[in-house]
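The values are calculated or read from the model by the stated rules, or taken from the named source; none is laboratory data. None of these values were measured; they are calculated from a predicted model. Here Cβ is always computed from backbone atoms with ideal geometry, including for glycine, and neighbour counts include all displayed protein chains. Surface accessibility is based on the protein's heavy atoms, side chains included, excluding ligands, DNA and RNA. Shrake-Rupley method; radii C 1.70, N 1.55, O 1.52, S 1.80 Å.
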Amino acid sequence: MVKKVYLVENLDCANCASKVEAALNALPEVQEAVLTYATMQLRITAEDPDALLPKLQEIAQKVEPEVEFYPRDGAHTHHSHSGEHEHHHDCCCGHEHHHDHEHEHCHDHAHDHHHDDDHEHEHEHHHNHEHTHEHSHDHGHEHGGEESEDLKPILVGAVLFVVGLVLDHFGLKWPTLGVCLVAYVLLGREVIVTAVKNLARGQMLDENFLMALASIGAFFTGSFTEAVGVMLFYRVGEYFEDRAVARSRSQIMEAVDLRPEVVQLVDGETVREIPAGEAKIGDIVLVRPGDRIPLDGIVVSGSSRVDTAPITGEPVPVSVAEGDSVVSGCVNTTGQLTVRVEKSLSESMVTRILDSVENAAASKPKIDRFITRFARVYTPIVVGAAVLTAIIPSLITGDWGKWVYTALTFLVMSCPCALVLSVPLAFFAGIGAGSKRGILFKGGQSMEAMSKIKAVIMDKTGTITKGDFTVQKIVGGDELLELCADCEQQSTHPIAESIVAAAKARNMELRRPEELEELAGRGIRAKLDGKEILCGNERLLTEQGVTFPKSREYGTKVLMAVDGTYQGYLLIADTIKTGAENAVRALRDSGIETVMLTGDAEESAKAVAGAVGIREVHAGLLPQQKLARLQSIRETKGAAMFVGDGINDAPVLAGADVGAAMGSGADAAIEAADVVFMTSDVAAVPQALRISRQTARIAWQNVVFALAVKLAVMILGLCGYASMWLAVIADSGVALLCVLNSIRILYKK
């Protein structure tokens, strides 16, 4: 089976997206179809997705006539920037929409963009080659023009509606009807036409049909101005909802799509601009102060400070000079750099992050799948309630006008768009908020699972500690360090290397011993200046009959003796990461239990756990023992997240409810994880938990709010306080508020 991604055009309703997705999944040749409205992408898993594309298109267009799929590789060139080929279409929500250029180009790997203004590039800074910059430059007038086109019929209809209200106030029935009919045709033409088309295809519970039925019904009950008012408010609500969705999507994409349009290629003595996709490995590119580093590479010349926050969330700029690696997406802040390209655009960090976010958006959480299923029964239930409301009370009371009007208000609220749109948008915003902080969630499911975590289990080395052995303490003076380094300089053991590095850092001149003998598992015996030197562990000194004081400290002790007399020791330890203690405290404060699982010795593990505040420690474990221990912790404490970085952590990461890997860790660990912390900082753990909890909370707020308002308006209608105005607010108004609530997570500190 092959998985392929296609771009989607002309789809502006989340409810329509779920209908198209259901229709595609019904095809026997399709193993899985995932249509993500948030990223406008279709993911097809089938034996030959490309060969299936015409059939997929045909099936989709039976549900949504205007929808189109295009290969993601950029073979299809989209509309030019001049705006010549404006793409209008009817949405199931009942009015004309325009193709979202801004979103389209965010995802167009072909980078088919034109730059009208050469001078513009002379003065760009900070985000000089980002999509957002180009879009604001090229699309500003175009979008402004499209919006005014959308607004014209709404504004004219609003004026006629006010005239109708005035005429109605003076009791002029026929002039009122005439003005209202003109206003209604102007405002509702597209809704009626789309309703008729959809009815011909058997889509009776389509929102256009229900809105048309409700407003035409209002005409027949004599509520002329109300019929126009409903259509006017519906169009206004849809207009603002449409703009809010487009803006939300572009804001989220701005946060995660850092791919460059162009790069400054150094060609001999000249610098020329080429599309980023054409840059090859080995090319030399110029990165000026204020520029974003376009592609992963190595600094060839120059030195500067680089702001890595867009990629890792790390606020402190990093110094780079000749020979240092730099990652695309980071911002060059001070000096000019020339960089040799090590990875093409498709392999660079900026594309990997974007792909990760898009993949994450396509992985739907349980609440999203529940809402999609719920939406399929919600509309028929509300329409059924409307039919019963029109018939049963009317037969009892004889007041057909009142109850038919109440039933019509139910039809206005029968679209589940607020629910179907706001839940995935909330998770997409949460994924975007995480990536801004260097936290890559691999899906809505991962985020949803993380929001329910009760215990965080951490590995020691590389997670809580840096994994770099350094000399932490010297007892016996610097000459002891020099003597020990003399003896250890031939060894490749990490502890020996850390001692030699410490001596070189102090500019010590190392000498070669006259004799040297390595004693496996104990240390070294050497002769220097005619003296016998011992450096090693307690076992070595005990065997050689040297007496020494005993003490317990975190780390590895290298004891020293000269001619049988104890001289002191060096303490070598793995450095605990800055902020680890605060991170563990933050987890405890939020009601999460912390546990350490490690293959390291118990004494060392307990010392580190004590230093950062972890109360439960399980040490000396093999990978399979870690997995077994994890299962028992899950049984006693509840849903567990494991945070690790090593190759041997992959089975445990996969076995946990949520597996989290440090970005500096092994590829196998990153692959197996549900979330990756690019900063490799423990502080990202409570941050990720906070984002996931807030996201899940916002998604549920939207569901409860939308259903509560709709239910309340229905009850008011049954109690005799029916109002179509109120029904429109319960539909379009609630959808707009839910969209705005969804992206709140992007702006949380």
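Per-peptide packing, taken as the mean over residues of other Cβ atoms within 10 Å, places 691-703, 369-381 in the sequence 691-703, 369-381 from highest down. Residue 349 contributes an accessible area of around 30 Å² to the protein surface, as traced by a 1.4 Å probe with all chains present. Rolling a 1.4 Å probe across the protein heavy atoms gives segment 382-475 an accessible surface of 30 Å² per residue.
Normalised Debye scattering of segment 455-545 at q = 0.23 Å⁻¹ gives log10 I(q)/I(0) of -1.23, counting only Cα atoms as equal scatterers and leaving out solvent. With the highest mean first, a sort of the peptides 617-627, 556-566 on other beta-carbon atoms found within 10 angstrom per residue produces 556-566, 617-627. Taking all protein chains as they are arranged and a probe of 1.4 Å, the heavy atoms of residue 241 leave approximately 20 Å² accessible to solvent.
Look at where the Cα atoms of segment 707-749 and of segment 380-421 average out, and the two centres are 17 Å apart. Quick one: helix 602-612 against the long Cα principal axis of the chain, what's the angle to the nearest 10°, folded into 0 to 90? The angle comes out near 50 degrees. Entry comment: accessible area of segment 628-749 is 40 Å² per residue, from protein heavy atoms only and a probe of 1.4 Å.
Whenever you get a sec, compute what percent of the accessible area on segment 610-749 sits on carbon and sulfur atoms (1.4 Å probe). Its accessible area is 61 percent carbon and sulfur atoms. Beyond 22 Å in Cα-Cα separation lie the following of the pairs 197/402; 473/550; 606/626; 550/626; 577/637; 460/637: 197/402; 550/626; 577/637. Amide H contacts under 5 Å for residue 567: 560, 561, 562, restricted to partners 5 or more places along the chain or on a different chain, H placed in the peptide plane at 1.01 Å from N. When Cα extents along the principal axes in Å is computed from the coordinates, the matching label among (i) 88, 71, 62; (ii) 121, 67, 50; (iii) 91, 62, 52 is (ii).
Ranked by the mean number of other Cβ atoms within 10 Å of their residues, highest first, the peptides 570-582, 294-306 come out as 294-306, 570-582. Between the amide H of residue 663 and those of 677, 678, 679, 680, distances stay under 5 Å, these residues lying 5 or more places away or on another chain, with hydrogens modeled in the peptide plane. Here the 3J(HN,Hα) profile of segment 168-182, calculated from phi with Karplus coefficients 6.51, -1.76 and 1.60 at θ = phi - 60°, is 5, 4, 8, x, 8, 5, 5, x, 4, 4, x, 5, 5, 5, 4 Hz, Gly and Pro shown as x. Put simply, the amide H of residue 467, placed in the peptide plane, has neighbours under 5 Å in 462, 575, leaving out anything fewer than 5 places away on its chain. Taking the DSSP bridge list for the chain and keeping only pairs wholly inside it, about 80 percent are antiparallel.
For segment 235-286 versus segment 1-49, the spacing of their alpha-carbon centroids is 25 Å. Here the Debye sum runs over all C-alpha atoms of segment 403-468 as equal scatterers in vacuum, and log10 of I(q)/I(0) at q = 0.15, 0.28 Å⁻¹ comes out as -0.72, -1.15.
Under conditions of 25 °C and 0.890 mPa s, segment 634-736 yields 146 µm² s⁻¹ as its translational diffusion coefficient, taking Rh as the Kirkwood radius over Cα pairs in the Stokes-Einstein equation. Dipole magnitude of the chain about its Cα centre, charges +1 at Lys/Arg Cβ and -1 at Asp/Glu Cβ only, in debye to the nearest 20? Dipole of the chain, to the nearest 20 debye: 3760 debye. The angle between the Cα long axis of helix 580-589 and the longest principal axis of the Cα atoms of the chain comes to about 40 degrees, rounded to the nearest 10.
Axis of helix 623-637 versus longest Cα principal axis of the chain: the two differ by about 50°, to the nearest ten degrees.
Building the convex hull from the alpha-carbon atoms of segment 1-62 and averaging its projection over directions returns 3.6 nm².
Applied to segment 494-507, the Karplus parametrisation 6.51 cos²θ - 1.76 cosθ + 1.60 on θ = phi - 60° returns per-residue 3J(HN,Hα) values of x, 5, 4, 4, 5, 5, 5, 4, 5, 5, 5, 5, 9, 6 Hz, with x for Gly and Pro. Here the accessible area is traced with a 1.4 Å probe on the protein chains. For segment 151-275, carbon and sulfur cover 71 percent of it.
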